[in-house]
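A.B. asks: Before we start, here is the structure in question, set down as structure tokens.
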Amino acid sequence: MLIKRPKGWEIPEAQATPESVYLNRRHFMGGLATAGAALLAGCGPAEDARAQGDGASISTGLTGGAEAESLYPVPRNETFVLDREITREDLATTYNNFYEFGSHKRIWRNAQNLPLTPWDVTIDGMVEQERTISFYDLVRQMPLEERLYRHRCVEAWAMAVPWSGFPLKALIDWARPLSSATYVRMETFMNRQVASGQRAPGYPWPYVEGLTMAEAVNDLAFIATGIYGRAMPAQNGAPLRLAVPWKYGFKSIKSIVRFTFTDERPLTFWENVGPREYGFWANVNPEVPHRRWSQATEELFGVEARVPTQLFNGYGEYVAHLYDGVTGEDLWH
Ligand code: MTE
């Protein structure tokens, strides 16, 4: 068994996972001494993979082969500039959070089992007309562009990623929600056959996320369908995932199958699991610690440098106004 020595900044699963879930999983794995120990020991990245990359993944798991690849590369929108190096592709595609495939970071191999074609997306709730459309029919109608975004996980590691995709607003305009809709709720696929995490107890599947309509039509809210100038690999959330870079990464729901327009605030996956630690808003704020660790700094993944965390992850000029006058809410967890 490979025992990995976590780096100082890596948050052990016992800390990163809400306590109730962690204890539940420990109980579940109590009888599986060897397998359980291996899983728990494997919650950080393998040091060999961090040093050398794990490039085998990046030619696999793409969304639908040639058809998908023919969409990329797309022109870069130069509005969004980085203050740091782009994270190496082989690192960003082999160190992932995708609990459907396991609660450790090395899920990319397991994620290759996710069937990506056909992939239907349902639009329902408070819309002029509910409908289901194939991913390709949808994406072909959208204005594709590339954006360089910072990506900040609640676990205090950060990457910088070139996403390809389209503004969430373009999808919303196409979906034609009623003016009475105040939230968009997003839902990930359910497939217990291939997603081992969905067979484990302790989590309220499917993964659900939500934004207010004001957040969803903000310029920064992006639906990513590709990464590094190519179709999205399964492990990063193929065929389409959210990228809301001013919020902690858990808001950026992967592998979406449903957008529901509603006037009720959705109960999100992590809020459901651990409401004291993972709330609805989850805006990045260096001054508000997670209940179990500081958010003041972040580790730039792959560079081994620690830098100060920025309010709204540095995107305040785009989004700070969204929260003017919002009182009585915990905007930061
Ligand atoms: N979406 C789904 N469906 N399942 C998940 O477990 N993890 C979230 C988010 N979206 C997650 C998800 C978390 S915690 C993070 S930090 C990002 O995806 C990680 O995205 P990445 O693996 O592309 O870096």
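A.B. asks: So how much slack lies between ASP83 and ALA320, counting 0.36 nm per residue of separation and subtracting their Cα-Cα distance, in nm? Could you put the intermediate results ahead of the total?
C.D. replies: Numbers: separation 237, 0.36 × 237 = 85.32 nm, distance 1.93 nm.
The ASP83-ALA320 span can extend by a further 83.4 nm.
A.B. asks: With a 1.4 Å probe and every protein chain left in place, work out the accessible area per residue of the stretch 194-333 in Å², rounded to a whole number.
C.D. replies: 33 Å²
A.B. asks: In terms of the Cα gyration tensor, with a ≥ b ≥ c the square roots of its eigenvalues, is the stretch 33-321 rounded because a/c is under 1.5, prolate because a/b exceeds b/c, or oblate? The partial results should precede the final answer.
C.D. replies: Numbers: a/c = 1.25, a/b = 1.18, b/c = 1.07.
Here the stretch 33-321 falls in the rounded category.
A.B. asks: Estimate the FRET efficiency between ARG192 and VAL307 by the formula 1/(1 + (r/R0)^6), using the beta-carbon distance for r and 56 Å for R0, to the nearest 0.05.
C.D. replies: Values: r = 40 Å, r/R0 = 0.71.
The computed FRET efficiency comes out at 0.90.
A.B. asks: For the stretch 222-333, rounded, prolate or oblate, judged on the Cα gyration tensor with a ≥ b ≥ c (square roots of eigenvalues), a/c < 1.5 rounded, else prolate if a/b > b/c? Write down the numbers at each step before the final one.
C.D. replies: Values: a/c = 1.60, a/b = 1.09, b/c = 1.46.
The shape class here is oblate.
A.B. asks: Work from the charge dipole of the stretch 33-321 (Cβ charges, +1 for Lys and Arg, -1 for Asp and Glu, about the Cα centre) and give the residue of LEU211, HIS104, LEU114 farthest towards its positive end.
C.D. replies: HIS104
A.B. asks: What does the extension gain come out to for THR297 and LYS169, with contour length at 0.36 nm per residue minus their alpha carbon separation? Intermediate results must be reported in sequence, preceding the final value.
C.D. replies: Numbers: separation 128, 0.36 × 128 = 46.08 nm, distance 3.12 nm.
So the chain would gain 43.0 nm between THR297 and LYS169.
A.B. asks: Can you compute 3J(HN,Hα) from phi for each residue in the stretch 106-116, using the Karplus curve 6.51 cos²θ - 1.76 cosθ + 1.60 with θ = phi - 60°, rounded to whole Hz and x for Gly and Pro?
C.D. replies: Going residue by residue, I get 9, 9, 4, 5, 4, 5, 4, 6, 6, x, 9 Hz, with x marking Gly and Pro.
A.B. asks: Return a whole-number percent for the relative contact order of the stretch 33-321, with Cα pairs under 8 Å and 6 or more residues apart as the contact set. Present the calculation step by step, with values, prior to reporting the outcome.
C.D. replies: Numbers: 603 pairs, mean separation 59.0, N = 289.
Value for the stretch 33-321: 20 percent.
A.B. asks: Can you give me the distance in nm between label points at ASP263 and GLU130, each placed 7 Å from the Cα along the Cα-to-Cβ direction?
C.D. replies: 1.8 nm
A.B. asks: When ligands, DNA and RNA are left out and all protein chains stay put, how many square angstrom of accessible area per residue does the stretch 124-183 have with a 1.4 Å probe? Write out the running numbers ahead of the final one.
C.D. replies: Details: 2140 Å² over 60 residues.
I get 36 Å² per residue for this part.
A.B. asks: Let me ask something else about it. Per 0.36 nm of contour for each residue apart, how much would the distance between THR327 and ASN113 grow if the chain were fully extended, relative to their Cα-Cα spacing? Don't skip to the end; give the middle numbers.
C.D. replies: On the way: separation 214, 0.36 × 214 = 77.04 nm, distance 4.40 nm.
So the extension gain works out to 72.6 nm.
A.B. asks: Additional query: On the accessible surface of the stretch 33-321, probed at 1.4 Å, how many percent belong to carbon and sulfur atoms? Please list the in-between numbers first.
C.D. replies: Details: 5390 of 10680 Å².
So the carbon and sulfur contribution to the accessible surface is 50 percent.
The values are calculated or read from the model by the stated rules, or taken from the named source; none is laboratory data. Everything numeric in this text was worked out from a predicted model, so none of it was measured. Ideal geometry is used to build each Cβ from the backbone, glycine not excepted, and the neighbour counts take in all protein chains shown. All accessible areas refer to the heavy atoms of the entire protein, side chains included, with ligands and DNA or RNA removed. Shrake-Rupley method; radii C 1.70, N 1.55, O 1.52, S 1.80 Å.
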